Amino acid sequence: MAPIPAGSRGPSPARPPQRATASPPKAAGWRQALKQTGRRDRFSVFNRDVNIAKAEMLEVLGNILKDWGDNAVYDLPKMRYEEIFHKTRDVLTELAQLCYTQENLIQNLKGDLEDSRKQAEATSVFQLLAPSDKLAHELEKEKSKNEQLREDVAEVTEKCRIMSMEQNETKHSLTSQLQECQTRIDEGNEIASTILSRLVEKDLKIDELHRKLEK
């Protein structure tokens, strides 16, 4: 099957706008506290795991796009997670469409084979009713053609089956890696939320102590 031409899936989705968030009170205070307590180590480990998952996912996705001749493969390392998710979803959609197209091709080939078989049977009956050396020779030629056609159909069917299995494995791998990446992102967000809440509580206590000292 010929590769899908580059750019046939349309441009990559636009980067979503950044949502403005309110700064926590006394940013310098909680940043200093974060540095002193060594909480940055947890963020470093999380970022490392996310980057590893992203690299594995980009490798699989990049190989598919490279086989298709899509120049977008060179932009994958620069994409945001949201853009990578949309790109992967587009690739999975196209893989599903390819599977559907291959199923139709297999069915059409089976129909052609059945028509050829019926035609061969009809030709055989006709030639048996007309005993002639010339017709017998033509019958042998038709049998040879039909046998070759059956072999070609069997070969194409096997190739389609192998491609379908490989695409299903690729789709399953991408889906699993996306789910794992999303899980790690959610865990990181929970950790960040917990740390931020504790830092805000510390800032409030520090402010309260400052007020008491001023009194």
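Below, the figures for the structure above:
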item: First in the stretch 148-170 and without any contact (Cβ under 8 Å) to a residue 24 or more places away in the chain, second anywhere and exposed (fewer than 12 other Cβ atoms within 10 Å of the Cβ), Cβ under 9 Å, 6 or more apart; result: K159/M1
item: Checking G62 against (1) at pLDDT 75 or above; (2) within 10 Å of the chain's Cα centre (by Cα), the condition it does not meet; result: (1)
item: Which numbered condition D203 misses (of (1) surrounded by 14 or more Cβ atoms within 10 Å (Cβ to Cβ); (2) under 25 Å from A96 (Cβ atoms)); result: (2)
item: Residues of the stretch 94-126 satisfying the condition of being surrounded by fewer than 12 Cβ atoms within 10 Å (Cβ to Cβ) and in contact with a Lys or Arg (Cβ under 9 Å, 6 or more places away or on another chain); result: none
item: Given (1) surrounded by 14 or more Cβ atoms within 10 Å (Cβ to Cβ); (2) more than 29 Å from Y100 (Cα to Cα), number of the condition S193 does not satisfy; result: (1)
item: Hits in the stretch 173-190 (condition: under 30 Å from L98 (Cα atoms) and surrounded by 11 or more Cβ atoms within 10 Å (Cβ to Cβ)); result: S173, L174, T175, S176, Q177, L178, E180, C181, Q182, T183
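The values are calculated or read from the model by the stated rules, or taken from the named source; none is laboratory data. Being a predicted model, the structure only gives us computed values, none of them experimental. Positions of Cβ are backbone-derived with ideal geometry, glycine not excepted, and every protein chain shown enters the neighbour counts.
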